[in-house]
Amino acid sequence: MEENYQVVDEIGELTGDTVTIFKGDTRVSTNVMLDGERQVGTKVSGAVKDAVLKDGKTYIGRAEVVGTMNETAYKPIKDRNDNTIGIWYVGVPATPYDNLVQHFRNSMIIYSVGWHFSRLYNCISYSFFRICSFAAYW
C-alpha cells in the first residue's frame, strides 16, 4: 500500500473525505494534501497513536490533520495474529461546521441585542408618550 494512492483517491472521490493508510504511526498512502503535495511520511498525533496503536481502539473525534482541525475516525489495521500494524483514517475538515456554529452564535447575539434594544425603545417611547400626555393636561 505504500505510495499506492488508488484506494485512498477512489474513496476520497466517492465520499469527499480525506483518507489515509498509516503503517504504524506514519502516513504511507493518503489523499491529504498540503501545497499540492501528498502528506506521506507525516505522523499521527500522540493521542490518536495511543488510542489506536497502543490500546487497539477506534478513535472518533476531532484531530488536527496537517494543520487543519478535522472530524475524524481512526481504526486499527491488524495482521492475522491480531497485532495492530497500522491505522485506517477518514475525516472531513471541521471548518464548515465551525463556521456554521459561529454564524448561528453571532445571529443569536444580534437577535438578542436587537430584541433588548426594541424593548428599551418601546419602554422609552411609552414613557415619553405618558409624560407628554400628562403634560398636555397642565
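How would V7, V32, V44 line up from fewest to most surrounding beta-carbon atoms within 10 angstrom?
The most exposed by this proxy come first: V7, V32, V44.
At 7 Å along Cα-to-Cβ for each site, give me the label-to-label distance between K43 and E13 in nm.
Roughly 3.4 nm, to one decimal.
Output the relative contact order of segment 1-69, whole-number percent, from Cα pairs under 8 angstrom with separation of 6+ residues.
With pairs under 8 Å counted, the relative contact order is 22 percent.
Tell me, Y89, Y59 in order of fewest to most beta-carbon neighbours within 10 Å?
The most exposed by this proxy come first: Y59, Y89.
So how much slack lies between K54 and V66, counting 0.36 nm per residue of separation and subtracting their Cα-Cα distance, in nm?
Here the segment from K54 to V66 would lengthen by 2.1 nm.
No value in this document is a laboratory result; all are computed from the given coordinates. Keep in mind it's a predicted model, so treat the numbers as computed, not measured. Cβ sites come from the backbone with ideal geometry, for glycine too, and all protein chains shown count toward neighbours.
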